[in-house]
Structures are given as structure tokens and as C-alpha cells.
Amino acid sequence: MVVTTTSISDSNENLHCTFASRYVQESLPKFKIPDRSMPKEAAFQIVNDELMLDGNPRLNLASFVSTWMEPECDKLIMSSINKNYVDMDEYPVTTELQNRCVNMLAHLFHAPVGDDETAIGVGTVGSSEAIMLAGLAFKRKWQARRKAEGKPFDKPNIVTGANVQVCWEKFARYFEVELKEVKLKEGYYVMDPAKAVEMVDENTICVAAILGSTLTGEFEDVKLLNELLSKKNKETGWDTPIHVDAASGGFIAPFLWPDLEWDFRLPLVKSINVSGHKYGLVYAGVGWVIWRSKEDLPEELVFHINYLGSDQPTFTLNFSKGSYQIIAQYYQLIRLGFQGYKSIMENCLANAKVLTDGITKMGRFDIVSKDVGVPVVAFSLRDSSKYTVFEVSEHLRRFGWIVPAYTMPPDAEHVAVLRVVIREDFSHSLAERLVADIENVLKELDTHPPRLPTKAARVTAEKVHNDKGDGLHQFHTDIVETQKDIVKHWRKIAGKKTSGVC
């Protein structure tokens, strides 16, 4: 009789249970590909377990990006997740759906195209790529005009408010365009149209207005900007255009405030970008850029390729990308229609009011966001002598909420706020729950001992240095006594010591 022995490790492998296998006892490589493969069940379990430590997307109130879609759309996404959108000859229906989306958005934004005409636009990877493409079109148009006039064309600039999203700074830096920012002030956290027009000169390729500021959700006055800029163009002979960054507001204003003039109804508006993955109600990341007419998109920026089949025009920074975002956007547009989007945006606005009213009743905060704009609730502490909005934000994480705290851009750095983005999946009940959790956080912070004033804290640190010689003296003498200067101090440090992309 032959007795066969089986090692414990072999026996465990046969169990087909990850937690009975060696994989939960080994440290997996983090910077080098592992030497050996593992069962698919083990790989799934290990990755899935680590992902549990991520925050809950539904409770991430910092993000404008959609975190919920209907199961039917999820199925469409999964069925098309292996399609490369750029292969238009292989996937002609997906290309057709993109063109339909472009035309639907062009009509929504009152582009001067007829029912049978093809609108000029393209799907992008978020509004960042859309802004890069629009900016490039403005730069090339300006350069061509300057060349024709025999004038220098090496110092283009763009005028924006200091409240612009970082993608505008990226565009300016990547494509060598000077960014001229209109500074903010306390109580007015968007670009002042009059000051913006004052900054326009013969080298300005466009003025960028924001329909839905990231800071407060407020809409900038594009109509007034159009009037003032038209007057200046007439006086100077220039032809400075407007681009509208409607990343958030482009899917809100047409449904809630259809009479608000901000889009192609204004003659100087030549292009508009909008994020389908924000209030377009699609998962990240899809954006759109629409031009007023074919003349506003220089032909030299459009490439024609034929190695994927038939002749295919393309104007994107990214080549390969997934088709599923385009398909999901088309699903939402036909599924919801105008009335569906209107109802969802009305609900978002109503829930923003619930949250605003609840925060106001506490008597501890000032609301800095506006009633007309993206459904965002931004609020600052009336008294930050004992604790700050940053501590409130940190304590809210214990309840699962991710509520960002930040300081305003120049010249309003001394104002620090909390901001809650109201998305489609943020309900009335969740708004009430958040109010209750904020109240609980404030009660807890009220019981903490008061913080030392900055000046007193510095004296204490200096004494420790003198007694023990632990090197704290130089660090603390760099700290200054106002919140504004503290922010400048840390920004200075970050600028010196931080490298890479954040």
C-alpha cells in the first residue's frame, strides 16, 4: 500500500479560497512586477480588499463628477468598454452617436446651425482637453491674423479671472501663452468683466469666462463681458473673442435659466466647453467642445488619417480612448430629454437650498455661494479664532463625508471656506444628515481647549529652542500672524519643495 502525502501549502491551494492560501501571507511587490502569477480569484480579492480603503464616491462632496448612473446605462458601458473610439471605420455607429451629441449640444447652446447642418465640435477626455483644443484654435487664429498684418505674433495672452480651474494654467504653460488673471476681492469671487476688458490688449487671443466657478458655483456675467468687449473692439479695431468655460454650468443654465444669455446668442462667444461627466450625468471622463462655426476652427489643426480604414478627420490631443463615455452621454441625452435634465437640476437646486437653510440656522457660518449658479453650497466660519474650516473638514471625514476646505485665490486669500457640491444622487435626506453631522462636529470642537494665538505659539517654540537647542527657532520665526500670511508661507514652501504633478 502506497501512502501519498500532501503538503499543507498544496492542500491550501486546492481549497480555492484566497484567505486559506499563501497570498494573504506574502507581501506583494509594490514597485516591481511579481515573479510568479497568481489565481484570478486571489488577484481580485487582494485588489478589491485594498480598494475598500478608498472613500465612498457617493459621499465625496468635493467632486463635481457623476458617481451614479442607471443600471441600464452601466450595461451599455460594459458592453462597449473594449471599443477604441478613434477607430471610426470599425465603429461607425459610435462615431455617429458622437456627432449626434455634438449637434444636440450645439442646438442647446444656440449655435447658428440649421436642423440639417452639421455642428462643429468634438468629444474629449473631460473639459481639460476641450479647453486645450479651444485655446489652440484661438492662438492659431490670432497668429494668422497678426502675420497677415505684418505684426509680431510671439507674445499671446489670455485674460481670465483668478478663480479659473487649473486646466487654464496648464494650457497657458504648456502652449506658451501668458495668463493674465483678474484678481478677486472679498465678497466678489468671480471675474469682474470691466476689469477683464481693461486687461485686454492687441496680444489677447481671447477672454475666458466661467459659467459655474469651481469656488462658489457662481456664473460670470458673460453678457456684460460681451457688451464691454464689443465696445473695446470697435474702438481699437481688434477682434478679441470670448470662450465660455461651461464645464459645470453648461448642463444647468439651459434647463433652469433658459433666458440667461451666456452662449452663442452673444456674437463674441466663439467656443464653449462642457463636461459630460459633471452635470451631463456621465461617469468620468467625457467632455465636449463646440465651436460657433467652421471658420472658428482652423483647418490646419485638423488631421486626416486613413490607416484605420477610410479617411478620418481628427482634432484631439488624445488618440486612443474608450467609446463608452460617448455612448453613455448619448444614452442620457435621449433617456432624459430636456424635461428629464430640467427635473434633475431642479432637484439639485432644491436640495442645495435644504443644505443652505440648515447651515444658516446654525448661526455659525456665512454662505458665500449664490442662488443662481451651479448647485454648490460654499460657506465660511464667522469666528475662526478657536478652530478653522480645515478642522471642520477633517472631523467630517469621521462620518464618511469628504467636504473640501480651501482658501480663495488672490486677492481674497484670507477667506477660507467649506464647499459642498450637490449632485444628482445627493438627496434631501442626505442633506439633512450632513447638517446634523456638521452640528455634531461643531459641538465636539467647541469642547476642545482654545488654541494658542499665533504670536503666543511662536514665543513658546522659541523658548523650547533656547532651552533644548532642538532647532525649532528658525522654522517658527518664519510663521507670521495673519491667516493670509500663513497661506502665503505654505504656498512658498510648496513652491520650493514640491515637484511632480498633483
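The values are calculated or read from the model by the stated rules, or taken from the named source; none is laboratory data. Everything numeric here is computed off the predicted structure, so don't read it as measured data. Note: ideal-geometry Cβ built from the backbone for every residue, glycine included; neighbour counts use all protein chains shown. Note: accessible area is taken over every heavy atom of the protein model, side chains too, but ligands, DNA and RNA are not part of it. Shrake-Rupley method; radii C 1.70, N 1.55, O 1.52, S 1.80 Å.
Within region 110-138, the set of residues being open to solvent by less than 20 Å² (accessible area, probe 1.4 Å) and in contact with a Gly (Cβ under 7 Å, 6 or more places away or on another chain) comprises Thr124, Gly126, Ser127, Glu129, Ala130.
Among the residues of region 311-351, those identified as under 22 Å from Leu76 (Cα atoms), open to solvent by 50 Å² or more (accessible area, probe 1.4 Å) and out of contact with any Leu (no Cβ under 8 Å at 6 or more places or on another chain) are Ser320, Ile334, Arg335, Phe338.
In region 116-128, the count of residues that are modelled with pLDDT of 95 or more, touching a strand residue (DSSP E or B) at 6+ places or on another chain (Cβ under 7 Å) and outside any strand (DSSP E or B) is zero.
Please enumerate the residues belonging to region 273-294 that are touching a helix residue (DSSP H, G or I) at 6+ places or on another chain (Cβ under 7 Å), of a type in the set (Ser, Thr, Tyr) and open to solvent by 20 Å² or more (accessible area, probe 1.4 Å). The answer is Tyr283, and nothing else. Note on region 94-110: residues that are touching a residue at least 40 places away in the same chain (Cβ under 8 Å) and either at negative phi or in a helix (DSSP H, G or I) (or both) total 11. A search for C-beta distances below 8 Å between a residue of region 411-425 that is touching a residue at least 60 places away in the same chain (Cβ under 8 Å) and farther than 16 Å from Gly217 by Cα and any residue that is in a strand (DSSP E or B) and among the basic types (Lys, Arg), counting only pairs 6+ apart in sequence or on different chains, returns Asp411/Lys185; Ala412/Lys185. The residue that is farthest from Lys321 (Cα to Cα), counting only those in region 95-109 that are touching a helix residue (DSSP H, G or I) at 6+ places or on another chain (Cβ under 6 Å) and open to solvent by less than 30 Å² (accessible area, probe 1.4 Å), is Cys101.
Just so you know, in region 352-367 the residues that are open to solvent by 20 Å² or more (accessible area, probe 1.4 Å) and under 23 Å from the mean Cα position of the chain (by Cα) include one that is nearest to Thr95 (Cα to Cα), and it is Lys353.
Within region 66-75, is there a residue that is polar (S, T, N, Q) and either open to solvent by less than 60 Å² (accessible area, probe 1.4 Å) or modelled with pLDDT of 90 or more (or both)? The answer is yes; a qualifying residue exists. Mind listing just one residue for me: the one in region 390-422 that is of a type in the set (Val, Ile, Thr) and farther than 30 Å from Gly280 by Cβ and, of those, modelled with the lowest pLDDT? Ranking the qualifying residues of region 390-422, first place goes to Val415. Taking region 214-258 as the search range and keeping residues that are assigned to a strand (DSSP E or B) and among the hydrophobic types (A, V, I, L, M, F, W, C), which one is most open to solvent (accessible area, probe 1.4 Å)? Of everything passing the filter in region 214-258, Phe219 is most open to solvent (accessible area, probe 1.4 Å).
For (1) at pLDDT 90 or above; (2) closer than 30 Å to Ile438 by Cα; (3) over 29 Å from the mean Cα position of the chain (by Cα), each residue gets a yes or a no:
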{"site": "Leu53", "(1), (2), (3)": "no, yes, no"}
{"site": "Asp87", "(1), (2), (3)": "no, no, no"}
{"site": "Glu90", "(1), (2), (3)": "no, no, yes"}
{"site": "Thr94", "(1), (2), (3)": "no, no, no"}
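Residues of region 170-188 that are outside any strand (DSSP E or B), open to solvent by less than 100 Å² (accessible area, probe 1.4 Å) and under 21 Å from Ser213 (Cα atoms): Lys170, Phe171, Ala172, Lys183, Leu184, Gly187.
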